[in-house]
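Visitor: I have a structure here, written as structure tokens, and I will follow up with some questions on it.
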Amino acid sequence: MKVNWGSIRNGLNAFLDTVSRGKASRVSRIIAPRGAGGVCWTPKNYENYANETYLKNVIAYKAIDEIAKSVASVTWNQYRRISDDERQEVTDTDIAKRLKRPNPGEGFAFLMLKTTAYLVMCGNAFIERIGPTTGPNKGKVLELYSHRPDRFSMKFDLGSGQLAEFIYTVNGREERWEVDPITQQADILQLKAFHPLDDWWGASATESAAREIDTSNSATEWNKSILDHHGRPGMVFTLIGSVGEEYMDKLERHLAEQHSGAANAGKNLIISGESGTKAEPWGWTPKDLDFNEGDVRLMRKIAMGYGVPPELLGIQDATFNNRMEARLYFWENTVFFYLNYFRDELNNWLFDEDSEFSIDYCLEDIPALATKRDKLWERAEKSDFLEINEKREMVGLPPTKNGDVILVPASMIPLSMAGASESEEEITEETEEEEEAQARMNLLEQGYTDEEIDEMFGLPCGEEKDDEFEESKPYPTEFSCRLQSPDKYERFARVNCYRKVDGKCIDYIFGVKDGKSEVQALRFKKKIWTQSAAKAYCKAKNGSFEA
């Protein structure tokens, strides 16, 4: 049987082509550049953007610099996922080390500063990773670099329409990086802003603020030229007599060529007439020369285009609170966008989809967010309806052991302990007598004698002797409930109305030994307790009742 190898080859190629395009958008073929062999060059306005913004306009420079420095000030860490809501920081991997020192010549903060400045200024940024492509260390990231975006171009596969190569060109020399046709991953990461009219290159804030930036630069040059001529636009020459139409046309051309623009501001103009020429100087008042207000409006628009509040750029006076609120607004609406964008793109580039590792930024040390953190901590602290671990989660801390309890605001003890003396022993109110009794017990446990305590409370020495009583023989006015044998204690202390049950007081007798106290007996006053009620309560406490 004769095998048709041509058909098999065509079928195999069709299959491979289908596989390679399996995850590609159906519009890839029609949006890929067709000219110049499928190469998409960098837009030609990058150098103009750099000159007119970062290198010439102080407000545009400050806005770009403010964003870049803010993003660069944030610390990044690598984490290992333990569960859906728990992760652990790792420091011994190659990527974790790159987050501290991406390459021998730069720290990670400066790499992020460059990358952010490129992205903000021209809408595009590129990061290169370097590592072994073969051997046991294949896939490890050993170095990271941020490169100028204007030197990059992209080549596309004309068949599938997908990105095939990144090309970096300097003085006619090229470096190329292939893009995987299946995963679309490469050793180059392109970061770009959204562009409504370009599928491959991002739009920058500079582009939307270009008119204001150009106007501000031109106004500055014009006013400088006027100031160079002492604030005078020149002499006024008045023609005496009439001139012909041909002469007027020539004069108009001369004015357009020699006396227009900022470079010609302040030049004198000499015109001759039939009967002579009258010359007189003229100038502007300081008020006429006050262009600051119009320039301030331009500055505000430029700052708005980059997403930086004018209070942070010194455009307008601001109080400390206004500047603090403006900085918080700047971080929440501008800086966080770039941080989140970088995090998602870097994770997608550095790790597989099912990897247990990821990188993320840490905001603990950001001064601009200190006020917000303080308010969050204060709100968590005042939320007395939340458990300890719920409060910790609220402020970004991990749970702690035995933290699933609610603290009572009064004494900050677990709520379960507040009712530990059984439901019928709930205290409805705390009287002065109870407070004094509790204070006495605390002092006894600290080693003070009864005489010393009496002196502290202003009582005559020996007026109260709580331990001078016949413990085995109840007073005629009381019922007794013995819980412990009195023989095991060195001395005793009585605290009247230590607990209340249904509004009725119970006196406690504490046995003290080795500086520690415990309940030895209970006493119930007969005028408020019936024998049956006192006996039932004593039985519930496993005590020995005596009438």
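The values are calculated or read from the model by the stated rules, or taken from the named source; none is laboratory data. Quick caveat: nothing in here was measured; it's all calculated off a predicted structure. All Cβ positions, even for glycine, are placed from backbone atoms using ideal geometry, and neighbour counts span all protein chains on display.
Visitor: Residue check: is Lys56 of a type outside the set (Gly, Ala, Ser) and modelled with pLDDT under 90?
Guide: Yes, satisfied.
Visitor: Moving to a separate point now. Consider Glu381 carefully, then state whether it is at pLDDT 90 or above and surrounded by fewer than 17 Cβ atoms within 10 Å (Cβ to Cβ).
Guide: Judged against the criteria, Glu381 is not a match.
Visitor: Continuing with this model, one more query. Can you go through Ser517, Ser544 and tell me which one is buried (at least 19 other Cβ atoms within 10 Å of the Cβ) and among the small types (Gly, Ala, Ser)?
Guide: Ser517
Visitor: Does region 313-330 hold any residues that are surrounded by fewer than 19 Cβ atoms within 10 Å (Cβ to Cβ), outside any loop (DSSP other than H, G, I, E, B) and hydrophobic (A, V, I, L, M, F, W, C), and which are they?
Guide: Phe320, Met324, Ala326, Leu328
Visitor: Right, another one. What residue, among those in region 142-164 that are under 27 Å from the mean Cα position of the chain (by Cα) and surrounded by fewer than 23 Cβ atoms within 10 Å (Cβ to Cβ), is farthest from Gly305 (Cα to Cα)?
Guide: The selected residue is Glu143.
Visitor: Let me ask another. When Lys140 is evaluated against the numbered criteria (1) in contact with an Asp or Glu (Cβ under 6 Å, 6 or more places away or on another chain); (2) assigned to a strand (DSSP E or B), which criterion, by number, is the only one it fails?
Guide: So the condition that Lys140 fails would be (2).
Visitor: Which of the residues that make up region 505-547 are part of a helix (DSSP H, G or I) and either more than 16 Å from Glu478 (Cβ to Cβ) or touching a Ser or Thr at 6+ places or on another chain (Cβ under 6 Å) (or both)?
Guide: Residues satisfying the conditions are Ala536, Lys539, Ala540.
Visitor: Is region 200-218 home to any residue that is of a type outside the set (S, T, N, Q), at pLDDT 70 or above, more than 24 Å from Asn51 (Cβ to Cβ) and more than 30 Å from the chain's Cα centre (by Cα)?
Guide: No: zero hits.
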